[in-house]
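These notes are about the structure you will find just below.
Read the figures in this text as sums done on the coordinates, not as results from a lab. Everything numeric here is computed off the predicted structure, so don't read it as measured data. Here the Cβ is made from the backbone with ideal geometry for all residues, glycine too, and neighbour counts use every protein chain on show.
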Amino acid sequence: MKENNRPLELNPGTFLESPDTASRQVLKKALTAAFPHTIPVLTGFTFLGIAYGILMDSKGYGVGWTFLMSLFAFAGSAQYVAITFLTSVFNPLYALLMTLMINARHLFYGLSLLDKYKNMGRLKPYLIFGLCDETFSIVCSAEPPAGVNKKWFVFFITLLDHCYWVLGSVLGGLLGSMIFFNTQGLDFVLTALFVVIFLEQWKSQKNHKPAIIGVLCSAICLLVFGPGNFIIPSMAAILLVLTLLRKQLAEEDGK
Amino acid sequence: MTLTPGQTLIIICMVTLGTVITRFLPFILFQNNKNQNAYITYLGKVLPYAVIGMLVVYCLKGVNFQSPANWLPAAIAIVCIVMLHYWKSNTLLSIGGGTVIYMFLVQAVF
C-alpha cells in the first residue's frame, strides 16, 4: 500500500520537472507572458480573418464552412487561394498541389525549428500543426522570461494566433459586408510585424549575412519570376547560397 | 456555393492536407536521426534569419515601381518602423506606429 501511494504524492517541484502536466499557475504564467507577443497578430488576423469570412460569405459559403476551413487548414494565403478552388470545377488534386506550392515556405520553418521543438513532448504535434508565418516569426525571436515554462509559452503563442484567425474569419462570415471604419492598409500590420522581427534579429546577431542572403535572393527572384511564382525559386536560391557559403558562415559563427 | 457540401469538405481536407504536409515534413524527415546531420544543423542555425528576410519580401510582393503610390507608402512606413525601433526598441510601438502611418498614407495621401 505504502509503495503504491508514493508516486501519487505531489509537491510543487513535480510540475516543474514534468512539463507535460502543468499546474494552473504554470499555464497562467505562460499565457500572460505569451499574450503581449501576439498583439500584432491579433490585430492583423482579426482584420484579415474578417476579410476572408466576408469573401467566403460573398461566394455563398456560410460561416460554418469558413469556420471549418480556418480551424483545420489554418493557412491564410492558401485559404484565400482556396476560394478559387471552391468557386470553379471540382478538382481536389489541383487543390492539393496548389496548396503544397503556396505553403512550401513552411518547409523552412520546420528546418529552422528542429532544435527548438525537439523536446516539446506531447504538445509538439499541435505546435507543428499551427506553425503559420506569424507564429513562426514570433517563436523564432521571442524568449520566455525567467520562470516561465518554455513549452507552454510556445503553445500559447500558437494557440492564441490560431484562435485569432478562426474567430476573425467567423466574425467576418457573420457580419457579411458590414464595415465599421476604413480599414484600407490595416493588413500592413503583419508586414510591420515581420519588419520588426527582422530588425530584432538584426540587432541580436553580429553576422548579418544570412539575413542579407534571405532578402537579396527573394528580392531578385521576385523581380525575375514575378509575385505569383517567386517563393519556390527564392527558397532554392537561399538554400544554394547558404550551402555554398557554409564553410565561411560556419567559421564566422565560431563553430 | 459552387460545389456540393461533400465536394467542399473534400477541398477543405485537401487544403488542410497540403498545409500539414509542408509543416510536418521537415520534422518527420530530420527529427528522428539522433546524431543530426551537420548540414541540417547548420541550416537550422542560419535559415531563421534568411527566412524572416524572405517573409518581409513576401509581404511586399505587391509593391511595384509603376507609380509612386505603389511603393512609396510601404517604403516610408518601413523607414519609420526602422527609426522608431532603433529609437524606442518597443515592438508594439514600432508595429503600431508603422501601420498607422501606412494607413494614413494609403487612405489620405496617395
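With the cut-off at 1.5 for a/c, could you classify the range A:102-167 from its C-alpha gyration tensor as rounded, prolate or oblate?
Numbers: a/c = 1.61, a/b = 1.21, b/c = 1.34.
It is oblate, given that a/c is not under 1.5 and a/b is not larger than b/c.
Using only Cα atoms and rounding to the nearest 10 degrees, what angle (0 to 90) does helix B:5-30 make with the longest principal axis of chain B?
The answer is roughly 80 degrees.
Please report the relative contact order for chain A, taking Cα pairs under 8 Å with a sequence separation of at least 6, and give it as a percent rounded to a whole number. Write down the numbers at each step before the final one.
Numbers: 227 pairs, mean separation 80.6, N = 255.
Over chain A, the number comes to 32 percent.
Could you go through the range B:52-64 in sequence order and give the Karplus-derived ³J(HN,Hα) for each residue, using 6.51 cos²θ - 1.76 cosθ + 1.60 with θ = phi - 60°, rounded to whole Hz, and x for Gly and Pro?
So the J values, rounded to whole Hz, are 5, x, 5, 5, 4, 5, 4, 5, 9, 5, x, 6, 9.
Taking a ≥ b ≥ c as the square roots of the eigenvalues of the Cα gyration tensor of the protein assembly as shown, is the shape rounded (a/c under 1.5), prolate (a/b larger than b/c) or oblate? Before the final figure, lay out each step's value.
On the way: a/c = 1.40, a/b = 1.16, b/c = 1.21.
Since a/c stays below 1.5, the shape of the protein assembly as shown is classed as rounded.
May I ask for the net charge around B:C59, where only other residues with Cβ less than 14 Å from the Cβ of B:C59 are counted and Lys, Arg are +1 while Asp, Glu are -1? Can you show the working numbers first?
Details: positive: A:R105, B:K61; negative: A:D133, A:E134, A:D187.
Net local charge, B:C59 excluded: -1.
Counting other C-beta atoms within 10 Å, and keeping those with at most 13, which DSSP coil chymotrypsin sites (Phe, Trp or Tyr not before Pro) do you find in the range A:174-225? Spell out each step's value before the answer.
On the way: sites: A:F180, A:F181, A:F188, A:F194, A:F198, A:W202, A:F225; in loops: A:F180, A:F181.
Passing both the DSSP loop test and the Cβ count: A:F180, A:F181.
Could you tell me the largest-minus-smallest coordinate of the C-alpha atoms of the range B:1-47 on each of the three principal axes, in descending order and whole angstroms?
Rounded to whole Å, the extents work out to 50, 21, 8 Å.
Can you sort A:R105, A:R24 by how many other beta carbons sit within 10 Å, fewest first?
Details: A:R105 19, A:R24 8.
Taking fewest neighbouring Cβ atoms as first place, the list is A:R24, A:R105.
Please list 3J(HN,Hα) in residue order for the range B:83-97, calculated via the Karplus relation 6.51 cos²θ - 1.76 cosθ + 1.60 where θ = phi - 60°; whole Hz, with x for glycine and proline.
5, 4, 6, 6, 7, 9, 6, 10, 4, 5, 4, 5, 5, x, x
From the phi angles alone, apply the Karplus equation (6.51, -1.76, 1.60; θ = phi - 60°) to the range B:38-48 and give each ³J(HN,Hα) in whole Hz, x where the residue is Gly or Pro.
Working through the residues one at a time gives 4, 5, 5, 4, 4, 4, x, 7, 8, 4, x Hz.
Work out the mean other chain Cβ neighbour count within 10 Å for the residues of A:150-156 and drop it here as an integer. List each step's numbers first, then the result.
Working: counts 0, 0, 0, 0, 0, 0, 0.
Partner-chain Cβ atoms within 10 Å, mean over residues of A:150-156: 0.
Past the 20 Å Cα-Cα mark, which pairs from A:K28/A:K151; B:K45/B:K88; A:K118/A:K206; A:K29/A:K118; A:K29/A:K150; A:K118/A:K150?
On the way: A:K28/A:K151 13 Å; B:K45/B:K88 28 Å; A:K118/A:K206 26 Å; A:K29/A:K118 22 Å; A:K29/A:K150 11 Å; A:K118/A:K150 12 Å.
From the list (A:K28/A:K151; B:K45/B:K88; A:K118/A:K206; A:K29/A:K118; A:K29/A:K150; A:K118/A:K150), the Cα-Cα distance tops 20 Å for B:K45/B:K88; A:K118/A:K206; A:K29/A:K118.
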